[in-house]
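Okay, structure first, notes after.
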Amino acid sequence: MATINPYIHFNGNAEEAFTFYKSVFGGEFANISRYKDISSVEYPIAEDDLNSIMHIALPIGKSNVLMGSDAMKMMGEVTENDNRYTVAIIAESKAEADKLYNGLSEGGKIEMPLTDTPTGSYFGMFADKFNVQWMVNFDPKFSVQD
């Protein structure tokens, strides 16, 4: 089955954002490429973009990868509307939901506190300190626990 993985664009702070995400999710980066890695006579990259992130990937869980990059300055800035989608996390437990929600929302803006809902799930929403929208959900009806 195919997987769907979020890809987030940043204005020069992708490495900072992904270092933060790694501190919450754990794991190691599967890939970090910079624009300087592809700069050549045939494909010159502007000096102020050389050290920016061209691609970064952080595996999360068994089959998901959070990916991102910095927008090159010649392409203009990424606006809030460019990143106006929401990254949805399905936690395997309430404890995991708490850890991810509390970690990722640190320094951000809470839109809906993590709480038990009338439908039986444990759900919350926020924008992180990089203005990326997140939803965290744990639903015991769909939990696969040993």
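Listed values, structure above:
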| item | result |
| --- | --- |
| Boolean, Leu114 is under 18 Å from the mean Cα position of the chain (by Cα), of a type in the set (A, V, I, L, M) and more than 30 Å from Ala46 (Cβ to Cβ) | no |
| Residues of segment 46-59 satisfying the condition of being farther than 13 Å from Phe10 by Cα and surrounded by 19 or more Cβ atoms within 10 Å (Cβ to Cβ) | Leu58 |
| Selection count, segment 76-128, where residues are farther than 22 Å from Gly61 by Cα and crowded, with 16+ Cβ neighbours inside 10 Å | 3 |
| Residue match in segment 13-20 (condition: part of a loop (DSSP other than H, G, I, E, B) and outside the structural domain of Val87 (by TED's automatic domain parsing)) | yes |
| Restricting segment 12-39 to residues that are aliphatic (A, V, I, L, M) and under 19 Å from Val132 (Cα atoms), the residue that is surrounded by the most Cβ atoms within 10 Å (Cβ to Cβ) | Ala14 |
| Wholly within segment 36-146, strands (runs of 3 or more DSSP E) carrying at least 2 residues that are touching a residue at least 40 places away in the same chain (Cβ under 8 Å) and not assigned by TED's automatic domain parsing to the domain that holds Asn11 | 86-90, 133-138 |
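The values are calculated or read from the model by the stated rules, or taken from the named source; none is laboratory data. In this text, all values refer to a predicted model and were calculated from it rather than measured experimentally. Methodologically, a virtual Cβ is constructed for each residue, glycine included, from the backbone with ideal geometry; neighbour enumeration extends over all protein chains shown.
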